[in-house]
Structure formats: structure tokens, C-alpha cells
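Read the structure below first, then the notes.
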């Protein structure tokens, strides 16, 4: 009797196809893809949530329509915070994002589009798709908000990095599963001469053993002179590897992705020990460059060249939060020494300017001797 036929008669699995898909391999590929996307999504969503809390402030511009679109309701179905969160998420994960303005003044993030590039003339966008709707018109570059993240490391480095983590993660999962796997050997005397009925009885016996091990905390294995069962669990092939070790390797991969995007891992995981310094690093090395990139694109598309030269601006504020009470003494020194005006300080702290705030204030403590102040020379004559 051939070995495949022998196991086929015992477990009734039918014929084994010569060619076909390995479901275990398909499941492993899907699981690995899920872990990879989860690591990227975690960092992208983190940045998106932070940016969604910012404000688009128009400086020296009276445009209620743009102010409403950017800060309140960009379109009929999304709030401003949700819109910008989706904007950043797509920018980070897809490396570029396209926003169009419809004829009825709605800002929409495109799900798909075809870009045609030119050397001198404006690039154009065709077949712009939002959800299930495809726009028939062609959009010029000057008519849309288009941004590219240009993080080549994110697209190339992650692929190579994950290949190494994938192998390590798979091996660790297999090891952990083997540690707690029920293993045993069933010995049957004269098995080579078993009839079909005897094979069926032995299969039923094995099924009952498996069911007892799965459902009961205490299971008794009945044996006789012909069939015996030997327990191998926790006697061979065990290691000290645990589920915590799997979590550590997943966290390590998350940290690698966050580091590429400029996110301090301590901020991503909420480590309170170095949270303050990590938050400053996040704003300085990640959020500020990203904000500057978006701010430049919005200024180029919303504000004309002549208005920009007149000092009209769009500024993204609210990303760097300061406790004004903690820095009140430093603010006082900057203003009272005449180094900065009040409006210059307010601008750095993301506050709107005030009337008279452009005047330089200089207190007596900072006035040089013999200059300014009261004249105390009583002998001064004409």
C-alpha cells in the first residue's frame, strides 16, 4: 500500500491534487502584508491626527469663503479636521495627494487620477475619480492642490527592511505555536494488516483524543494492548520564546517606520519619561517641514503673485503648542529689551497681531547710561 493511500484511507481526505494553491502560504502572505501595512498606517494616522488639529490662518486677507473651506467645511460630506486627516494620510502612504475644487466650491481629495507631465507647460490631470464619480474635465496644475511627499526612503527602505523582519517574525510565530502544541504518538500493533474498518476505528479514537485535549482541562487516555498513546508535549522542541517576544519584534518594526518619517518612537508609544523633549523633536524634524511643504502649496494656489508681494499670506498654526505661562519671563525680556516687538513675539506663538504691537518697547533697565531717560543735570544751560 502506498503511503499517500494509507493516510488517505485513515483520514478520508480524498485525493491530493498535483497542482494547487497552498492555503498556508496564502494565509502567511496575507498576515505579513497586514503587519506591514499596520506599521505604516500607525505612523501615517499619527501624523494625520496631529495635523488635523492645526488651523489655516489667512494673514492680511479678507476671504470668508476660503476661511470656511479650509477650517470648517471643505465639502458637503466632511469636516475640516477629517478632510486634513485624510489629506495627510494619503500623502504619507501614497507619496502624493491631489485636491480639486469643484464648480460649486467644494474641496475633494481625489482617489484616483492620471497625470500628464510637461517640461514647460502646466501638468494636467485627467480621469480624476472621487469615490465612484469620474470627472470628465481636465484639471490644470494651477487649478488643483497637488503635493508630493518625496520620501524615497519610505518606499524603498521599508520593502527591504520588511523582508528581514518577515523571515524573523514567521520563524518566531512558528516557534511559539510549537511551544504550546499538543503532540503525541499513537502506536498500533500490526497496523500494516488493518482492514478498512479497523482504520476507521483508529481514526475515531484519534479524533476523540483530540477533542478531549481541546475541550477538557483534564483528559484521560484509555489504552489497550494493541493501541497505546505517548505524550510528547513539553518534552521535545520547546524554547523560552513567548508572545512578548513577538510583540517586541513588531514594535521594533513600528519604530523603524516611525524613524523614517521623523517620528520619535517614544511619542508614538506614549513614553512619559522623555515625552517633552520627544514632542519638540517631532515638531522640529517632522511636523514643521511637512507643514511648510503644505503651506507653500496653498500659498501658491490660493494667493496671487501680486497679493503675495503685498504681504498677504496663508499660515498653518497650532502645530507647536506653547504654555505661555512657562515662557512669560522670556517673553518679557524679549519685548522689554527692544529685541522684538509684541507682534513679532505673538506671531512666533501663533497669535494674531494687535493694534500698536509693532512699536518697539525699551525699559529703563536696557537704556544705555547717558542716553534717554530724565535729564538730572541741574546745571544744564542753553
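Nothing in this text is a laboratory measurement; each read-out follows from the coordinates by a stated rule. No experiment lies behind these values; they were computed from the predicted model shown. So basically every Cβ, Gly included, is an ideal-geometry build from the backbone, and we count neighbours across all protein chains shown.
If a spin label sat at a point 7 angstrom from the Cα of residue 323 along the line to its beta carbon, the backbone N atoms of region 256-277 nearer than 14 Å would be those of 275-277.
Determine the gain in length on full extension of the stretch residue 79-residue 60; use 0.36 nm per residue of separation and subtract their C-alpha separation, reporting nm with one decimal. Extra length from residue 79 to residue 60 when fully extended: 4.3 nm. With Cα atoms defining each centre, region 41-74 and region 83-121 are spaced 15 Å apart in the structure. Placing dummy labels 7 Å off each Cα toward the beta-carbon, the span from residue 133 to residue 229 is 6.5 nm. The peptide list 103-115, 247-259, put in order of mean Cβ contacts within 10 Å with the highest first, becomes 247-259, 103-115.
Based on the alpha-carbon gyration tensor of region 246-352 and its eigenvalue square roots a ≥ b ≥ c, which shape applies: rounded if a/c is under 1.5, prolate if not and a/b is larger than b/c, or oblate?
On the way: a/c = 4.16, a/b = 1.43, b/c = 2.91.
Note, shape of region 246-352 comes out oblate.
Got a sec? Which residues in region 73-93 would a label at residue 49 touch, if it sits 7 Å along Cα→Cβ and we count backbone N under 20 Å? In region 73-93, the label zone of residue 49 (backbone N under 20 Å from the point 7 Å along Cα→Cβ) covers 79-93.
In terms of the mean number of neighbouring beta-carbon atoms within 10 Å, the peptides 294-301, 270-277 order highest first as 294-301, 270-277.
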